[in-house]
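In what follows, a structure is listed as structure tokens, so that the remarks can point back to it.
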Amino acid sequence: MRIDVHAHFLAQNCFNVTDSAGRHYGPTIVINKKGQEELIQRGRSAGPIARKIWDPETRIKDMDATGVDIQIISPTPFQLYYNLETEACLWFSRRQNDEIARVVREYPTRFVGLATIPLQEPDKALAELDRAINKLGLRGVEILSNINGRDLDASELMPFYKAVEAMDVPIFIHPGGVVGSERTQNYYLTNLVAYPFETTLAAAHLIFGGILEKFPGLKFCMAHSGGNLPYTRGRLEHGYHVRPECKVIIKQPPSHYFPLLYFDTITHFPPALEYLITSAGADKVLMGTDYPYDMADSQPVLTVQNLENISEEDKQLVLGGNATRIFKL
């Protein structure tokens, strides 16, 4: 099976929503001058991808054209709504989880779903996590790289990690609320540069903040091939041995915890992907696309198949074997 672990999905029941105070949330669809359906997010155009992002039939056609058997669908980052009051975010989370679960039920051989929950107050989110996993049948949970500026080693997240570890489902981490956003407004640098750095920062907090030490059973899958982490791991390792700040919490060097992380394949550079597979291990890398955005890998299966220095056995792990295992498909 060829499984895409990084595929964005917009729940139709969360489009163009207005609350009791008249505040507007969610994306809208407009018809542009070319007669195309265009997605508008936060007042900006995301291009003519509207139908792809919510319509299962359109997605399946694209999957068939690129050799993808299954998409593991998760909400787009801007719809995790950590910036809202907890009850409002919970309302959106329930609607999104319900809609993703409906799509999975209607197309059980093509889609697997990830949940979202209001992590700004983790204690209030655990009931929805339980419902999404144990009642709706979703196979994991998506979170952002920080929770309204709080890093992923924040003490209030410990009940969440404990619950997810007990459920034995993966956590997919996508960058959001990026650091230094005021300096990345030009040239699309928020996506090109800040997203990978934000993922790196999140992973560093998981390592140095002791999350991987306290919860070794957690399965974190880092978007965009882990950002810069695979290529700066030596710097983290060296820092641990020479700087006391790095040893405040963890008892082992970063190399001890690095094998607990998973990564998608979105590097856009075959030598970088080959390095990731050989350094992290073929059993830690999962095919991903970033569908349906313009930054997606439009031929993810070929990307893996065309790697010259990776064995066929390892390619099969990356294409779907690893995802089959950790998502229990």
HN-Hα J in Hz across the range 82-90 - Karplus 6.51, -1.76, 1.60, θ = phi - 60°, x for Gly and Pro: 5, 7, 8, 4, 4, 5, 5, 5, 4
Which one of Phe197, Gly227, Pro27 has its Cα pushed farthest toward the positive end of the charge dipole of the chain, where Lys and Arg give +1 and Asp and Glu give -1 at the Cβ? Pro27
Just grab the label-to-label distance for Tyr187 and Glu308, each label 7 Å out from Cα along the Cβ direction, in nm (one decimal). 2.9
Order 56-64, 37-45 from most to least packed using the mean count of other Cβ atoms within 10 Å. 56-64, 37-45
Add +1 for every Lys or Arg and -1 for every Asp or Glu among the other residues with Cβ under 9 Å from the Cβ of Ile266, and state the total. -3
What spacing in nm lies between the two simple spin-label points modelled at Ile40 and Asn13, each 7 Å away from Cα in the Cβ direction? 2.5
At a threshold of 8 angstrom on Cα-Cα distance, excluding pairs fewer than six apart, so keeping six or more, what relative contact order does the range 7-133 reach in percent? 23
I'd like the distance between the alpha-carbon centres of the range 130-192 and the range 68-94, rounded to an integer number of Å. 10
For Ala154, list long-range residues whose amide hydrogen, built 1.01 Å from N in the peptide plane, is under 5 Å from its own amide hydrogen. none
What are the ³J(HN,Hα) values, in whole Hz, obtained from phi via the Karplus relation 6.51 cos²θ - 1.76 cosθ + 1.60 with θ = phi - 60°, for each residue of the range 271-277 in sequence order, with x given for Gly and Pro? x, 5, 5, 4, 4, 4, 5
Under unit Cβ charges (Lys, Arg +1; Asp, Glu -1), what dipole magnitude, rounded to 20 debye, does the range 165-314 have relative to its Cα centre? 760
How far apart, in nanometres, would the label points at Ser298 and Arg23 be if each is projected 7 angstrom from Cα along the Cα-to-Cβ direction? 3.9
So, in the range 238-329, how many Lys pairs have Cα atoms under 27 Å apart, if the pair is 8 or more places apart or on different chains? 5
Listed values [x] 0.96; [y] 0.89; [z] 1.09, entry calculated as Cα Rg over 2.2 N^0.38 Å: [x]
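Bear in mind these aren't lab numbers, they're just calculated from the coordinates by the rules spelled out. Note that the structure is predicted; figures quoted are calculated from it, not measured. FYI the Cβ positions are ideal-geometry reconstructions off the backbone, even for glycines, and counts take in every protein chain you see.
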